[in-house]
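One structure is given here, and the rest of the page talks about it.
The values are calculated or read from the model by the stated rules, or taken from the named source; none is laboratory data. Not measured: the values here are computed from a predicted model. With ideal geometry, Cβ positions are generated from the backbone for all residues, glycine too; neighbour counts draw on all protein chains shown. When the accessible area is computed, the model is the full protein with side chains, heavy atoms only, and any ligands, DNA or RNA have been set aside. Shrake-Rupley method; radii C 1.70, N 1.55, O 1.52, S 1.80 Å.
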Amino acid sequence: MNLTQIKAAKPGQILKDDEVRGLELHVRKGGAGSWMLYYRIHGQRRRPKIGDHPGLKLAQAREIARQWLADVARGDDPSATKAATRGAETLQALAERFHTAQPRRTAIRHERGFLRRQLADLAGRKIPTLRPGDLEAVKRASAPVAFNRCRAFVLTTLRWGGYRDVAEALAVVGAHKERPRQRYLTDDELLRLHRAITAHEARWPHQMALIRLLLLTGARLSEIQRARRDWLQGDVLHLPRHKGDEAPKTIALSEAAMQVVASVSPRRGWLVGFASYPNAGWAAVRETARLGDFRLHDLRHTHASILLAEGYTLGQIGEVLGHQDASTTRRYAHLTTTAKARAAATVADIVARKTAKAG
C-alpha cells in the first residue's frame with residue numbers, strides 16, 4: 001500500500017498494507033476511509049478500528065498497528081482494551097474521586113501539584129491506555145524524590161480505584177533509591193535560628209509561633225498547621241486524627257510551648273492563628289540564620305536528636321514523635337552513640353570518685 005494507491009482507491013475498496021501485516025484501509029466516499037487492523041488472539045478474529053483517514057496518515061497508522069501487534073504478541077488484546085477504554089475514567093477524574101473520599105489526606109496539596117506538573121501529560125488519559133513507557137517518561141523528566149512520591153501516588157490511586165492490573169503494569173518502572181535525609185541543627189545553628197525567629201517576630205508573629213512549636217514539640221507541620229485552639233486541654237493538644245490513621249494522637253506541650261501559644265491570637269480558631277505554609281517567614285528565617293538547605297521538617301529531626309543526646313531511648317522518641325512503625329525511628333539510631341558516650345563518661349566519673357577514696 002502506498003499514497004498513490006490510496007488516492008486512486010474507489011469507495012468500498014479494501015487496501016491491504018504489504019509492510020505491516022493485517023493493516024487495512026476501508027475506503028468510503030469522498031476519499032475518506034477507516035484504518036483497521038486484522039489479527040487473531042486466543043483463537044478469536046479481531047478487526048478493531050485504528051482511526052480515520054485522512055486524519056490519520058499512513059505512517060501513523062503503521063506505527064499504531066505495530067504497537068498493537070506487539071501487544072498481541074504479549075497476549076494483550078487491543079480490541080478489548082479499546083472497548084474497556086470507552087467507559088473508563090481519566091487519571092485526573094480518578095484522582096479527584098480519591099481525594100473527595102479522603103478529604104483529610106495530608107498529601108492532597110502535593111498530589112494535586114503532581115497532576116499539574118509531573119503528570120500533566122497523563123492526567124487526561126484514559127486509565128487503561130497508560131503504559132510503563134508513560135511513567136518512564138515522567139521518571140526521566142523528574143527529580144528523583146519528586147518522582148518517587150509521584151509514582152507512589154499513581155499506584156496507590158489506581159489500586160484504590162480498582163485498576164490493579166494497570167497499577168501492576170506500571171509498577172515495573174522502579175523508584176529511585178533514596179538515602180534517608182539526616183539533617184539536624186548544630187548548637188551554633190540552633191542559636192542562630194533562635195535569634196532569626198526573634199528578629200522576624202514583630203513582622204510575622206503567627207508564622208514564627210508555628211516555627212517555634214515545630215521545634216519544641218517535634219510535631220509534623222500539618223499537625224500544628226491544622227490544630228484548633230479548642231483541641232488544647234490543659235497542656236495537652238488532642239489531635240482527632242493522626243496522619244493517615246483514624247487513631248487519635250496527643251502532643252504534650254512544655255511550659256515554653258504553652259507560652260508560644262499564649263503569645264499569639266487564635267485567629268479563626270487555629271492553634272497559632274496560622275494554618276498555611278509559612279513561605280515568607282521561613283525563607284526570611286532560613287536566610288538570616290544561614291541554614292542553607294535546612295527544611296521545616298528537619299526541625300522534627302532536630303527535636304529527636306536532642307532527645308537522643310539526653311539519653312531517651314528510640315522507643316520513647318517514637319512515642320513522642322508518633323511513629324507507628326519502629327523502623328521509622330531507627331533512622332536516628334546512629335545518634336545513640338552520643339548518649340552512650342555521655343553515660344559511659346558519667347559512670348567513669350562516679351567510679352573514679354568512689355575509688356579515689358581508697359587511695
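Identify all residues within the stretch 123-164 that are among the aromatic types (F, W, Y) and buried (at least 17 other Cβ atoms within 10 Å of the Cβ); write none if there are none.
Across the stretch 123-164, the qualifying residues are F147, F153, Y163.
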Seminar exercise, completed: Among (1) at pLDDT below 90; (2) within 23 Å of R286 (Cβ to Cβ); (3) surrounded by fewer than 22 Cβ atoms within 10 Å (Cβ to Cβ), T217 falls short only on (3)
Seminar exercise, completed: Residue pairs within 7 Å by beta carbon, gap of at least six or interchain, first lying in the stretch 55-69 and in contact (Cβ under 8 Å) with a residue 40 or more places away in the chain, second open to solvent by 40 Å² or more (accessible area, probe 1.4 Å) and outside any helix (DSSP H, G or I), listed first then second, are R62/E19
Exercise. Name the pairs: first residue in the stretch 173-194 and under 15 Å from G292 (Cα atoms), second residue open to solvent by 40 Å² or more (accessible area, probe 1.4 Å) and modelled with pLDDT of 90 or more, Cβ to Cβ under 7 Å, at least 6 apart or on different chains?
Worked result: R192/R290
Problem set entry | Residue count, the stretch 1-33 (criterion: at pLDDT 85 or above and assigned to a loop (DSSP other than H, G, I, E, B)) | 13
